[in-house]
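Notes follow once the structure below has been shown.
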Amino acid sequence: MTEPAFDISDGAPPTLNHVIGNQHVVRQIRTALDAYFNDRASLGPNREVPAFPHTLLVGPPGLGKSLFASIIAGELGANVHEELAQNIVTPSHLQGLLMMADADDVLFLDEIHELHPVAQTTLYRALEERKLFLATEKGQRQGFNLPPVTFIGATTDEWTLKRPLRDRFKLVLRMSYYTPDELAQLIVQRTRRIGWPIDDAAATGIAALGRGTPRLTMRLLESARRCARARGATTIERQHLDLAIDIEQIDAHGFGPVEQQYLSILREAGGGPVRLGVIATRIGLPPMTVERVVEVDLIRLGWVTKTDAGRSLTMQGLACGSSPP
């Protein structure tokens, strides 16, 4: 288990005031925080303060769900305990995580849809009743009261959660993809924080290739910066971005070699349809990986469509080439 902290050197906004993009999520969080602190102020000194609402962050990978969890904890002034759901292999592991939390702490479980169904049952009962029921040496079950803590879960697929657990989250924050302008602002914000000068042409060029995803955008920024430093430059310029996308074989739309190969297979078939198994075999990846990773953005951006007969290029997909800029 790790104890994450704000790392300004990593470009992370320390408060809601610094967040770019997903302003609907910011408004939800700000409203919940205002209500929470007003409730605290209205309680007498001997009244137990309720926890901040249990929160579920939903959205595709790379949009900043973990960052928002850290920001919420920071706004609450709370200690945060983070764990990956895949690391919780037994109910006792989850019980230990819950029992070590103090009042007003934040428990953050990333990729919560990976949590074992039995552990999900343990968790939703704990959230609902604020109690854990543990087996004693005599085979009986003993209840332990839990302090008021805030539980935050992050998931790319909320519908694979058991419904009783999903319903325990009172605040559901659905992340959206970013616009190129928002990505450009993120780039400028990050480079200023960590002292990497960048010109406007490089920033807008990186943002245009980011496919609406901050994680991909920051990865390309890092690559452009490496190219700049390899050339002995102190400012990231468009020429360094051009070198980066040439080295990494990124096309004019931000797609890498695997996505380009996927598109080439459909073009060779006259636009399709081509069955998923055939595409996966030719690319050399499992069909599930192709479906859940490779083609997600191609479908979202309207380049590819799925039918019972297979995958086909749309008119937009046929019209767009895959050559470097």
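Do you know which of the residues in region 51-70 that are of a type in the set (A, V, I, L, M) and assigned to a strand (DSSP E or B) is nearest to residue 213 (Cα to Cα)?
That would be 58.
I need the full set of residues from region 293-305 which are outside any helix (DSSP H, G or I) and within 12 Å of residue 266 (Cβ to Cβ), in order please.
Of everything in region 293-305, those that are outside any helix (DSSP H, G or I) and within 12 Å of residue 266 (Cβ to Cβ) turn out to be 295, 303, 304, 305.
Do we have residue 132 as within 23 Å of the chain's Cα centre (by Cα), surrounded by 16 or more Cβ atoms within 10 Å (Cβ to Cβ) and either part of a strand (DSSP E or B) or modelled with pLDDT of 80 or more (or both) here?
no
Is it the case, given these coordinates, that residue 59 is over 23 Å from residue 157 (Cβ atoms) and either of a type in the set (Gly, Ala, Ser) or outside the structural domain of residue 131 (by TED's automatic domain parsing) (or both)?
Answer is no for this residue.
Among the residues in region 222-229, are any under 24 Å from the mean Cα position of the chain (by Cα) and within 22 Å of residue 177 (Cα to Cα)?
yes
If you check 309, 269, which single one turns out to be farther than 19 Å from residue 183 by Cα, among the hydrophobic types (A, V, I, L, M, F, W, C), touching a residue at least 24 places away in the same chain (Cβ under 8 Å) and out of contact with any strand residue (DSSP E or B) (no Cβ under 7 Å at 6 or more places or on another chain)?
Going through 309, 269 in turn, the sole match is 309.
Taking region 230-281 as the region of interest, how many residues are in contact with a Leu (Cβ under 6 Å, 6 or more places away or on another chain) and assigned to a loop (DSSP other than H, G, I, E, B)?
3
Just wondering, is there one or more residues in region 138-150 that are modelled with pLDDT of 90 or more and more than 20 Å from residue 80 (Cα to Cα)?
no
For region 69-91, does any single residue satisfy the condition of being of a type in the set (Gly, Ala, Ser) and farther than 28 Å from residue 186 by Cβ?
Looking through region 69-91, none of the residues is of a type in the set (Gly, Ala, Ser) and farther than 28 Å from residue 186 by Cβ.
Would you check which residues across region 201-218 are surrounded by fewer than 16 Cβ atoms within 10 Å (Cβ to Cβ) and more than 19 Å from the chain's Cα centre (by Cα) and list them?
201
Just one of (1) buried (at least 23 other Cβ atoms within 10 Å of the Cβ); (2) in contact with a His (Cβ under 8 Å, 6 or more places away or on another chain) trips up residue 198, so point out which.
If we test residue 198 against (1) buried (at least 23 other Cβ atoms within 10 Å of the Cβ); (2) in contact with a His (Cβ under 8 Å, 6 or more places away or on another chain), just (2) comes out false.
Within region 75-92, which residues are more than 20 Å from residue 132 (Cβ to Cβ) and over 18 Å from the mean Cα position of the chain (by Cα)?
Scanning region 75-92 gives 75, 76, 77, 78.
I'd like to check something: does region 273-294 contain any residue that is small (Gly, Ala, Ser) and surrounded by 14 or more Cβ atoms within 10 Å (Cβ to Cβ)?
Yes, some residue in region 273-294 is small (Gly, Ala, Ser) and surrounded by 14 or more Cβ atoms within 10 Å (Cβ to Cβ).
Checking the condition assigned to a helix (DSSP H, G or I), of a type in the set (Gly, Ala, Ser) and at negative phi, which residue from 103, 78, 73 passes?
73
The values are calculated or read from the model by the stated rules, or taken from the named source; none is laboratory data. The structure displayed is predicted, hence computed values, not measured ones. Every residue, glycine as well, gets a Cβ built from its backbone with ideal geometry; the counts of neighbours run over all protein chains shown.
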